[in-house]
1. Name the single residue that is surrounded by the most Cβ atoms within 10 Å (Cβ to Cβ) among those in the range 115-133 being outside any strand (DSSP E or B) and either touching a Pro at 6+ places or on another chain (Cβ under 7 Å) or small (Gly, Ala, Ser) (or both).
2. Out of the residues in the range 142-166 meeting the condition of being surrounded by fewer than 21 Cβ atoms within 10 Å (Cβ to Cβ) and in contact with a Lys or Arg (Cβ under 9 Å, 6 or more places away or on another chain), tell me which one is nearest to Val203 (Cα to Cα).
3. Identify, from the list Asp113, Asp175, the residue that is touching a helix residue (DSSP H, G or I) at 6+ places or on another chain (Cβ under 9 Å) and over 22 Å from Asp84 (Cα atoms).
4. Hey, any hits in the range 197-207 for a residue that's touching a His at 6+ places or on another chain (Cβ under 9 Å) and more than 17 Å from Gln243 (Cβ to Cβ)?
5. Restricting to the range 1-39, and then to whatever is exposed (fewer than 10 other Cβ atoms within 10 Å of the Cβ) and in contact (Cβ under 8 Å) with a residue 24 or more places away in the chain, can you tell me which residue is nearest to Arg58 (Cα to Cα)?
6. Any idea which of (1) hydroxyl-bearing (Ser, Thr, Tyr); (2) surrounded by 14 or more Cβ atoms within 10 Å (Cβ to Cβ); (3) free of Cβ contacts under 8 Å to residues at least 12 places away in the same chain is the one Thr136 doesn't satisfy?
7. Taking the stated definitions as given, is Leu65 in contact with a Gly (Cβ under 9 Å, 6 or more places away or on another chain), farther than 30 Å from Gln229 by Cα and exposed (fewer than 12 other Cβ atoms within 10 Å of the Cβ)?
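The values are calculated or read from the model by the stated rules, or taken from the named source; none is laboratory data. Just so it is clear, the model here is predicted, and its values are computed rather than measured. Every residue, glycine as well, gets a Cβ built from its backbone with ideal geometry; the counts of neighbours run over all protein chains shown.
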Amino acid sequence: MQWSATVAYAAGSKWLRLLPSSGVNNATVRVDALTDGLAPGIYQATITINAGPLTGVRSIPVSLLITAAPPPTPLIYSVGNAADASLTMLTPGSLASLFGANLGGRTVQVTFDGTAASILYSGAKQINVQVPAALTGKSTAQMLVSVDGIQAAPVTVRLAQSAPAIFPNAVLNQDYSVNGPSHPAPTGSVVQLFATGLPAAGVLTAKIHDRTVTAPYYAGPAPGLPGVQQVDVVVPPDLPTMQTYVYVCGGAALDQQVCSAAAKIWITQ
């Protein structure tokens, strides 16, 4: 008895595989559903075994249900200062960057101890937020991230009154050019330093080379940039032409200040 097996599709095509598709006498036919590329829905087909005019034909209906895959769970790998991701201590009111996977979606929410954070950027691998100022005085907070209703595992973040970092390429000369080897700051001129992680209240200072600037030309919020602080200082007129370093510092009092990591600055006489 020779027989053959064929498939007639009511929806779609080639989503069933028959092994073997023909034979002689008794046999087992394996039926595989090939679901790659199939959209969610119900697919129907008929498998027909034809053993010739003497033995006859048998038809077997097949129904395949494809459901949508559940949305991926967002994952948080690290949380840090938005100007320097290696700085994991966050300051209320400052900017933070969250790094992970599956972070992009239609609705993204980040909370710290139940208080919603302002989201400035959201992508598949990174979220930038402004840490709620209401956390002032706390040493830790539980951060929850939700993407389209799917919540990531809670993350405990450490908080500090001051944990500053200067943004890359954020040392500007008095004429607003980016400070660098070809655009050094003249001594006696004002340089503008943009950072995050400085306290909203307290004492803000800066350091240029080996000089502490206790009375900046300006120190406070950067206009139009939520969570960013601006510290403007005068380059000491007696410093020589050189490449050196600048820092921003903040704290409740002068003797309680925390300073940022060094940022390069070029100055000229």
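1. Within the range 115-133, the match that is surrounded by the most Cβ atoms within 10 Å (Cβ to Cβ) is Val131.
2. Leu159
3. Sole residue among the options that is touching a helix residue (DSSP H, G or I) at 6+ places or on another chain (Cβ under 9 Å) and over 22 Å from Asp84 (Cα atoms): Asp113.
4. no
5. So, considering only residues that are exposed (fewer than 10 other Cβ atoms within 10 Å of the Cβ) and in contact (Cβ under 8 Å) with a residue 24 or more places away in the chain, the one nearest to Arg58 (Cα to Cα) is Asn25.
6. Status for Thr136: all satisfied but (3).
7. The answer is yes for Leu65.
Residue-by-condition table, conditions (1) crowded, with 16+ Cβ neighbours inside 10 Å; (2) within 30 Å of Thr136 (Cα to Cα); (3) not assigned by TED's automatic domain parsing to the domain that holds Leu90:
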| site | (1), (2), (3) |
| --- | --- |
| Ser177 | no, no, yes |
| Gly180 | no, no, yes |
| Ala201 | no, yes, yes |
| Pro216 | yes, yes, yes |
| Pro226 | no, yes, yes |
| Leu239 | yes, no, yes |
| Val246 | yes, yes, yes |
| Lys264 | no, no, yes |
